[in-house]
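This report refers to the structure that appears directly beneath it.
The values are calculated or read from the model by the stated rules, or taken from the named source; none is laboratory data. Keep in mind that what you see is a predicted model, and the values were worked out from it rather than measured. Every residue, glycine as well, gets a Cβ built from its backbone with ideal geometry; the counts of neighbours run over all protein chains shown. These area figures cover heavy atoms from the full protein model, side chains too; ligands, DNA and RNA do not enter into them. Shrake-Rupley method; radii C 1.70, N 1.55, O 1.52, S 1.80 Å.
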Amino acid sequence: MTHPDDHTLLRRAIALAAEARAHGNPPFGSLLAGPDGTVLAEAYNTTLTDKDITAHPELKLGKWAARELDAATAAHTTMYTSCQPCEMCRTVIQQAGLRRVVFALSDDQLLDIRPSSGRPPVPQDGPALLEEVRAVVEPYYR
Ligand SMILES: [Zn+2]
C-alpha cells in the first residue's frame, strides 16, 4: 500500500521514465530514497542507447546500492519505480538488500499496454557432473 508521501517520489520516477523515452529508450525510470525521503540515486532505462538488455533502472540502482552503501544503509532504502520491477531486477533488489519497492504500474497493467515478448522459457538441463562441480564449489563455502 502506498502513502501520500510516496507519491512525490513516485512522480519523480515517472518523470525519469519520460526522460528515458526522450532519450530514445523504453519509458522506465526509478530512484532510490533514504528513510527520510532523500533521493540517493536515480536511473532510467538505457537498453537501446547502450545496446544492453540489462540496462533497466532498477537493476542499475540495485547494483549501485550494493556497491556504494553498506548493508545497514541499504536495508533502510526504498526504491520508487515507474513500473513493477521485472524478474531480473527483483533478484538484484533482493540481493542488494533494499527495504521496500514502491511502483506505479503493475506487471499486469503493463501487459495490458504492451504484450509480452512471447519468448518461451529457455530450457535448462541438469544437474550433471555433480562430483566435479562440487569439488570447485564446496571449498568456497567451507
Ligand atoms: Zn527489470
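Some observations on this one:
- Residue-normalised accessible area of the chain, given per residue in Å² at a 1.4 Å probe: 68
- Label zone (Asp5, point 7 Å along Cα-to-C-beta; backbone nitrogen cut-off 14 Å) within the stretch 19-50: 33-39.
- Charge sum, other residues only, whose C-beta stays under 14 Å from Asn45's C-beta, Lys/Arg counted +1 and Asp/Glu -1: -1
- Radius, Kirkwood style, for the stretch 1-42 when every pair of distinct Cα atoms is counted (Å): 10.7
- Modelled FRET efficiency - R0 22 Å, Ala135 with Arg67, Cβ distances, 0.05 increments: 0.10
- Candidates Val92, Val122, Val101: whichever shows maximal mean-square fluctuation once the chain is modelled as a Gaussian network with Cα springs under 10 Å: Val122
- Note on the chain: antiparallel DSSP beta bridges, both residues inside, total approximately 65 percent of the bridges counted.
- The local environment of Cys86, defined by Cβ-Cβ distances under 11 Å, has a net charge of -2 under the rule Lys, Arg +1 and Asp, Glu -1.
- Compared with the direct C-alpha span, the chain from Val122 to Arg99 gains 5.2 nm at full extension, assuming 0.36 nm per residue.
- Whole-angstrom gap from the stretch 1-25 to the stretch 67-142, using each part's C-alpha centre: 21
- Comparing Thr46, Thr81, Thr73 in a Gaussian network model of the chain where C-alpha atoms under 10 Å apart are linked, the largest mean-square fluctuation is found at Thr73.
- Those residues of the stretch 109-139 whose amide nitrogen sits under 13 Å from the label point placed on Glu87, 7 Å along Cα→Cβ: 117-124
- Projected over all directions and averaged, the alpha-carbon convex hull of the chain occupies 11.4 nm².
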